[in-house]
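The structure under discussion appears below in the form of structure tokens.
The values are calculated or read from the model by the stated rules, or taken from the named source; none is laboratory data. Remember, it's a predicted structure, so these values are computed and weren't measured experimentally. Cβ coordinates were reconstructed from backbone atoms using ideal geometry, including for glycine residues, and neighbour counts include every protein chain displayed.
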Amino acid sequence: MNIIDLIPFDRYITLDELESATGIGRRAIRNELHKLRTASPKTLIISSSSKKGYKRPTDYDELIRCRNESVKRIKAERKKIQILDIVINNRGQKGLGI
């Protein structure tokens with residue numbers, strides 16, 4: 001059974017549901033979902049910060065929302081990396097809390 005076959009178009013399926021349906025652990029499911037999400041437009045799987053789980057997109061608006069959330073996450077990660085670089089580059093200076 002392929003995980004992609006369990007991802008619906010009409011609703012979000014949770015990790016708990018996928019775990020029950022496959023007997024595979026959460027980490028392995030997440031790894032497989034990551035592979036599928038980046039493999040091809042035919043296996044595109046989306047998620048949302050406002051809903052639990054994963055689904056396959058059914059319309060353009062879903063794609064735009066998912067893309068916008070991804071861009072926000074990337075920007076937040078870039079900012080975190082910038083802060084980490086500042087702390088790393090200033091190692092040993094007082095006031096950094098480390």
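The single condition among (1) at pLDDT 95 or above; (2) farther than 22 Å from Arg73 by Cβ; (3) not charged (D, E, K, R) that Ile3 does not meet is (1).
Which residues, counting only those in segment 56-79, are among the hydrophobic types (A, V, I, L, M, F, W, C) and either outside any helix (DSSP H, G or I) or touching a residue at least 40 places away in the same chain (Cβ under 8 Å) (or both)?
Those that are among the hydrophobic types (A, V, I, L, M, F, W, C) and either outside any helix (DSSP H, G or I) or touching a residue at least 40 places away in the same chain (Cβ under 8 Å) (or both): none in segment 56-79.
Residues considered: Glu17, Glu77, Glu69. Of these, the only one that is among the acidic types (Asp, Glu) and under 12 Å from the mean Cα position of the chain (by Cα) is Glu69.
Scanning segment 21-63 for residues that are under 16 Å from Asn2 (Cβ atoms) and more than 15 Å from the chain's Cα centre (by Cα) gives Ala21, Thr22, Gly23, Ile24, Ser40, Lys42.
Filtering segment 56-67 down to residues that are surrounded by 10 or more Cβ atoms within 10 Å (Cβ to Cβ) and out of contact with any Pro (no Cβ under 6 Å at 6 or more places or on another chain), which residue is nearest to Arg26 (Cα to Cα)?
Let us first name the residues in segment 56-67 that are surrounded by 10 or more Cβ atoms within 10 Å (Cβ to Cβ), namely 56-58, 62-67.
Still in the list and also out of contact with any Pro (no Cβ under 6 Å at 6 or more places or on another chain): 56-58, 62, 64-67.
Values: Arg56: 19, Pro57: 22, Thr58: 25, Glu62: 25, Ile64: 27, Arg65: 25, Cys66: 22, Arg67: 24 Å.
Filtering first and then ranking leaves Arg56.
Filter segment 27-55 down to residues that are among the hydroxyl-bearing types (Ser, Thr, Tyr) and exposed (fewer than 13 other Cβ atoms within 10 Å of the Cβ), then give me how many there are. Steps first, answer last, please.
Residues of segment 27-55 among the hydroxyl-bearing types (Ser, Thr, Tyr): 38, 40, 43, 47-50, 54.
Subsequent filtering for residues that are exposed (fewer than 13 other Cβ atoms within 10 Å of the Cβ) retains 38, 40, 49-50.
So the answer is 4.
What about Arg91, is it out of contact with any helix residue (DSSP H, G or I) (no Cβ under 8 Å at 6 or more places or on another chain) and at pLDDT 95 or above? Before you say what the answer is, go through the steps one by one.
Values: out of contact with any helix residue (DSSP H, G or I) (no Cβ under 8 Å at 6 or more places or on another chain): yes; at pLDDT 95 or above: no.
Taking the combined requirement at face value, the residue does not satisfy it.
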